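*Asks:* So that we are looking at the same thing, I have put the structure below in structure tokens.
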Amino acid sequence: MDDLTSDPRWRRFNDSDRSCPCCDRVFSGVFDIGFDHPGPWPHGNRSELGVDRLEDGDDHLTADLCVLGEYRFIRAVLPLPIIGSDQVFSFGPWGSVNPENYERYVQALMSDDWSGFEGCFAWLINQLPGFDMPDHLPCDLLPGKGDDRPTLWVHDDAHPLAELQETGITFDQLLDIYAAAGQDIRPHLMDA
């Protein structure tokens, strides 16, 4: 495994004192890509509207929980270690869980007692940029540590993401993910 510190692009990406020569943009390392809401949510973007809670009838959305008709969603983290570094890139997608598991999760969250929630099955429900994704992907949703969001772990045989969660992604794959998400920073990391 190559140490990324020998890659000048990686050094520029992590150097908050360096400005891009073409646009003065500054980078300070790995940033995650989150999702405001589950893919099927039809009632707008909470963050863009500047509200903590978005409601439409009985449907509601917060930063971490969502009820949409008979469906229940929990915001999670899907980690991908970066090969050659000690850093981890994460998506912040939503997992669809059954109502019983949703209630157990909410109880644990509200009481800060995780003994009643050891994790559950969930469907990854967002389309992750840079990956050919089905509409939903089978995962395990495991509780986070302390105040951390829970994590989603793709089932081994379900998708190549499962292997990447174990083996990691390259820096070039990370840059491809950013580009697929509309943030192509590759030109800003090159020599002037």
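The values are calculated or read from the model by the stated rules, or taken from the named source; none is laboratory data. Remember, predicted model here, so these are calculated numbers, not experimental data. Cβ placement follows ideal geometry from the backbone for every residue including glycine, while neighbour counts extend to all protein chains displayed. Accessible surface is based on the protein model in full, side chains and every heavy atom, while ligands, DNA and RNA are left aside. Shrake-Rupley method; radii C 1.70, N 1.55, O 1.52, S 1.80 Å.
*Asks:* Given the structure, is LEU68 more than 14 Å from the chain's Cα centre (by Cα), modelled with pLDDT of 95 or more and open to solvent by 10 Å² or more (accessible area, probe 1.4 Å)? Explain how you work it out, then say what you get.
*Replies:* On the way: more than 14 Å from the chain's Cα centre (by Cα): yes; modelled with pLDDT of 95 or more: yes; open to solvent by 10 Å² or more (accessible area, probe 1.4 Å): yes.
So LEU68 passes the test.
*Asks:* Still on this model: I need the full set of residues from the range 142-166 which are over 17 Å from the mean Cα position of the chain (by Cα) and β-branched (Val, Ile, Thr), in order please.
*Replies:* Result: no residue meets the conditions.
*Asks:* List the residue pairs whose Cβ atoms are under 6 Å apart, where the first residue sits in the range 161-174 and is part of a helix (DSSP H, G or I) and at pLDDT 95 or above, the second is open to solvent by less than 10 Å² (accessible area, probe 1.4 Å) and not aliphatic (A, V, I, L, M), and the two are 6 or more positions apart or on different chains.
*Replies:* Pairs found: LEU174/PHE89.
*Asks:* While we're here: Go through ASP17, ASP32, ASP7 for me and flag whichever is open to solvent by 60 Å² or more (accessible area, probe 1.4 Å), acidic (Asp, Glu) and modelled with pLDDT under 95.
*Replies:* Unique residue meeting the criteria: ASP17.
*Asks:* Also: Count, please, the residues in the range 81-102 that happen to be in a strand (DSSP E or B) and more than 9 Å from the chain's Cα centre (by Cα). Walk me through it before giving the result.
*Replies:* So in the range 81-102, the residues in a strand (DSSP E or B) come out as 81-82, 88-92, 94-97.
Next, only the ones that are more than 9 Å from the chain's Cα centre (by Cα) stay: 81-82, 88, 95-97.
Going through the range 81-102 one residue at a time, the tally reaches 6.
*Asks:* While we're looking at this one, here's another question. Return yes when SER111 is open to solvent by 60 Å² or more (accessible area, probe 1.4 Å), under 30 Å from GLN173 (Cβ atoms) and of a type outside the set (D, E, K, R) and no when it is not. Give the derivation first.
*Replies:* On the way: open to solvent by 60 Å² or more (accessible area, probe 1.4 Å): yes; under 30 Å from GLN173 (Cβ atoms): no; of a type outside the set (D, E, K, R): yes.
Against the criterion (open to solvent by 60 Å² or more (accessible area, probe 1.4 Å), under 30 Å from GLN173 (Cβ atoms) and of a type outside the set (D, E, K, R)), SER111 does not qualify.
*Asks:* Another question, if that's okay. Working only within the range 123-141, note down all residues that are touching a Ser or Thr at 6+ places or on another chain (Cβ under 8 Å), at pLDDT 95 or above and open to solvent by 70 Å² or more (accessible area, probe 1.4 Å).
*Replies:* Matches in the range 123-141: TRP123 only.
*Asks:* Which residues, taken from the range 26-41, are without any contact (Cβ under 8 Å) to a residue 60 or more places away in the chain and closer than 12 Å to LEU61 by Cα?
*Replies:* Residues satisfying the conditions are ASP36, HIS37, TRP41.
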